[in-house]
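Colleague: Following this message is one structure expressed as structure tokens.
The values are calculated or read from the model by the stated rules, or taken from the named source; none is laboratory data. Nothing here was measured: the structure is a model prediction, and the numbers come from that model. As a convention, Cβ positions derive from the backbone with ideal geometry for all residues, glycine included, and neighbour counts pool all protein chains shown. The area values use the complete protein model at the heavy-atom level, side chains included, leaving out ligands, DNA and RNA. Shrake-Rupley method; radii C 1.70, N 1.55, O 1.52, S 1.80 Å.
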Amino acid sequence: MGSIILERAPGGNYSKPLGIRFLEYITKSSISFKTYQAIVLILTFFAYTSYHATRKTTSIVKTALDPQSSDDSLKFFPWQRAYFQEPAESRKISWVLGSGWAPFDSSDGTALLGELDVAFLAVYAIGMYFSGHLGDRMDLRIFLTVGMVGTGLFTSLFGVGYWASIHVFYYFLIVQMLAGLFQSTGWPSVVAVVGSWFGKRKRGLIMGIWNAHTSVGNITGSLIASALLKYGWGWSMVVPGLIIAFLGLVVFLLLPVNPESVGADRDEDELQSPKKSGEGVAEPLLNSETNTKEKAVGFIEAWKIPGVAPFALCLFFAKLVAYTFLYWLPFYISHTAIDGKYLSNEAAGNLSTLFDVGGVVGGILAGYISDQLDARAITAASFMYCAIPALFLYRTYGHISVAINVTLMLITGLFVNGPYALITTAVSADLGTHSSLKGNSRALATVTAIIDGTGSIGAAIGPLLTGYISAKSWSAVFTMLMAAALVAGLLLTKLVMAEVSAKIESSRSQGTSTPRSPAAALEV
């Protein structure tokens with residue numbers, strides 16, 4: 001990872017962050033490997049939680065910018081807080097009482113807000129590829145700090161438009177695009193750092209739990225932005241922006257990007273153990289004793305790593321489904337009669353957070369299962385196939401009662417977000433340290449960026465298509481989502497067959513010669 005793989009200076013001095021040096025000074029002892037791992041998990045968890053929190057605030061602020069689109073707004077005035085949706089007449093009156101923000105309060109305000117979303121996600125997806133390339137060539141601690149401070153700056157500048165009385169659409173468009181660019185630095189960086197500190201044996205479970213930051217960030221961002229709306233929508237952007245900038249400084253002071261950068265002893269961790277037979281490398285996954293400065297892996301070379309292309313394309317369709325729910329689920333719930341009644345927009349928004357709760361469970365479950373089976377592709381494909389009936393059941397029976405809707409929503413979130421979380425975390429880290437790289441660890445950020453960047457293109461396309469298709473039929477939207485889930489699973493067929501074949505061969509050879517691992521089969 002760029003300058004992350006630091007050569008040992010004479011006398012055993014390392015480029016430790018100032019915060020780490022201070023902790024060792026006040027404790028009068030060196031920090032243990034396990035403590036470093038805990039610091040990494042906690043810092044990267046809160047770092048990416050803040051990324052998602054700032055990303056989510058825009059969807060909340062939309063309701064203040066364009067109260068005309070009350071169909072998918074969060075109603076925050078006291079007289080609008082009825083549990084069930086008001087008649088059309090009262091909704092029209094409440095819009096008149098509300099105060100919009102030009103140019104978004106015009107007849108095409110919703111379309112303009114949609115353009116902001118597409119611009120943000122498009123720049124984010126494209127920026128992801130460049131961020132991974134840069135991340136493998138720079139110190140990730142500095143790279144992540146710049147990304148977080150930059151994200152905070154442009155998120156805050158969006159909110160500054162409130163006090164500066166800015167009503168120029170292109171100001172908000174440019175600010176959103178730059179925010180998307182800096183947002184793209186986050187994911188490749190945090191996955192690369194975590195992947196450097198944890199070996200493959202428990203990586204799926206650890207990263208499955210760690211990946212809860214996505215849902216925590218979404219929920220936190222929604223709560224903060226909603227609570228601050230009554231003081232003016234600008235605060236809903238500025239406060240989350242200041243929070244992520246502050247956390248960026250904490251990352252700069254404390255984050256150890258990998259064991260080599262702080263002189264940690266890998267003997268305490270499974271990373272020091274030899275790779276499995278058949279994986280092509282006899283040395284540890286990330287060799288701490290190398291004095292040779294490794295060459296960062298190129299973009300095209302990273303694409304050629306076995307498994308990167310199919311998992312990247314699988315994530316394209318997986319994120320298409322996941323982000324369609326992220327952007328449209330509150331709208332869908334508020335426009336669907338549940339037990340013969342329509343929920344208010346506020347109640348629908350609160351209910352939709354349960355999809356993220358199911359996603360947290362799905363991410364942990366997928367990581368644990370893939371660790372136990374030693375089969376990432378089988379796990380991811382199985383979850384995507386199970387998402388198909390889950391989507392069908394939610395669309396068909398979710399309207400019967402709130403209890404059934406909640407149950408089916410949790411199940412759908414579990415199967416949709418499970419493989420999404422697995423691929424963006426454990427799989428990306430696995431492929432970034434693939435044996436074809438012959439021990440070269442400087443591909444983690446690039447591989448992560450390729451996989452998640454490709455997925456982010458799907459994340460932009462899904463909500464965009466839903467905006468057009470839902471106007472005609474929500475059943476057609478769910479048909480599109482089920483087709484996407486099917487294609488996502490099918491794209492992993494070759495890898496699934498390789499893992500199945502490896503397991504069959506392993507069971508046959510058990511007790512005779514050293515069995516061949518499923519991971520080795522994927523490298524053929």
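Colleague: Using a 1.4 Å probe on the protein heavy atoms only, what accessible surface does Glu301 show? Give it in Å² to the nearest 10.
Modeller: Counting only protein heavy atoms, Glu301 exposes about 100 Å² to solvent.
Colleague: Further, regarding this structure: Debye sum, Cα scatterers, the range 297-505, no solvent: what log₁₀ I/I(0) at q = 0.10, 0.12 1/Å?
Modeller: Debye intensities relative to I(0), on a log10 scale: -0.44, -0.61.
Colleague: Of Ser131, Ser29, which has the most accessible area and how do the rest follow, probe 1.4 Å? Let's see the in-between values first.
Modeller: Numbers: Ser131 5, Ser29 60 Å².
Most to least solvent-accessible, the answer reads Ser29, Ser131.
Colleague: Would you mind estimating how fast the range 306-367 diffuses translationally, via Stokes-Einstein at 10 °C and 1.306 mPa s with the Kirkwood radius over Cα pairs, in µm²/s? Before the final figure, lay out the partial values.
Modeller: Working: Rh = 13.4 Å.
So the translational diffusion coefficient is about 118 µm²/s.
Colleague: A follow-up question, please. Order Lys341, Lys62 by their accessible area, 1.4 angstrom probe, all chains in place, largest first. Before the final figure, lay out each step's value.
Modeller: Working: Lys341 110, Lys62 45 Å².
I get Lys341, Lys62, largest accessible area first.
Colleague: Starting from the Cα-Cα distance between Gln510 and Leu253, subtract it from 0.36 nm times their residue separation and give me the gain in nm to one decimal.
Modeller: Details: separation 257, 0.36 × 257 = 92.52 nm, distance 4.94 nm.
Working it through step by step, the gained length comes to 87.6 nm.
Colleague: Gain in length, Asp108 to Lys472, computed as 0.36 nm per residue apart minus the alpha-carbon separation, to one decimal in nm? Don't skip to the end; give the middle numbers.
Modeller: On the way: separation 364, 0.36 × 364 = 131.04 nm, distance 1.92 nm.
Taking 0.36 nm per residue and subtracting the Cα distance, the gain is 129.1 nm.
Colleague: Rounded if a/c is under 1.5, else prolate if a/b beats b/c, else oblate: with a ≥ b ≥ c from the C-alpha gyration tensor eigenvalues square-rooted, which is the range 118-270? Kindly include the intermediate steps, with their values, before the conclusion.
Modeller: Working: a/c = 2.30, a/b = 1.92, b/c = 1.20.
Judged from the Cα gyration tensor, the range 118-270 comes out prolate (a/c at least 1.5, a/b above b/c).
Colleague: State to the nearest 20 debye the size of the charge dipole of the range 297-505 about its Cα centre, where the only charges are +1 on K and R beta carbons and -1 on D and E beta carbons.
Modeller: Numbers: 10 positive and 10 negative charges, 70 e Å.
Rounded to the nearest 20 debye, it is 340 debye.
Colleague: Computed FRET efficiency, Cβ-Cβ of Val402 and Lys16, R0 35 Å: what is it to the nearest 0.05?
Modeller: Numbers: r = 53 Å, r/R0 = 1.51.
Working from the Cβ atoms, E equals 0.10.
Colleague: Got the relative contact order for the range 297-505 handy, in percent, Cα pairs under 8 Å and 6 or more residues apart? Display every interim value, and only then the final one.
Modeller: Values: 308 pairs, mean separation 80.4, N = 209.
Relative contact order comes out at 38 percent.
Colleague: So how exposed is Thr27, as accessible area in Å² (1.4 Å probe, rounded to 10)?
Modeller: 80 Å²
Colleague: About the Cα centre of the range 134-227, what is the dipole size in debye to 20, counting +1 per Lys and Arg Cβ and -1 per Asp and Glu Cβ, all else neutral?
Modeller: On the way: 6 positive and 2 negative charges, 100 e Å.
The dipole magnitude comes to about 480 debye.
Colleague: Next up: Just by accessible area at a 1.4 angstrom probe, what is the order of Phe46, Phe169, Phe33 from largest to smallest?
Modeller: On the way: Phe46 110, Phe169 30, Phe33 5 Å².
Highest to lowest solvent-accessible surface, that is Phe46, Phe169, Phe33.
Colleague: Give the separation of the Cα centroids, the range 139-194 to the range 412-428, in Å.
Modeller: The distance from the Cα centre of the range 139-194 to that of the range 412-428 comes to 25 Å.
Colleague: Near the amide H of Ile338, under 5 Å away, which other amide H atoms are found, from residues 5 or more places off or on another chain, if H is placed in the peptide plane?
Modeller: Under 5 Å from the amide H of Ile338 lie the amide H atoms of Leu343, each far enough along the sequence or on another chain.
Colleague: Same structure again: Could you report the range 327-420's accessible area per residue, 1.4 Å probe, as an integer in Å²?
Modeller: Heavy-atom SASA per residue in the range 327-420 reads 37 Å².
Colleague: Something else: For His399, enumerate residues with amide H under 5 Å from its amide H, sequence gap 5+ or separate chain, H modeled in the peptide plane.
Modeller: Excluding prolines and chain starts, which carry no amide H, there are no hits.
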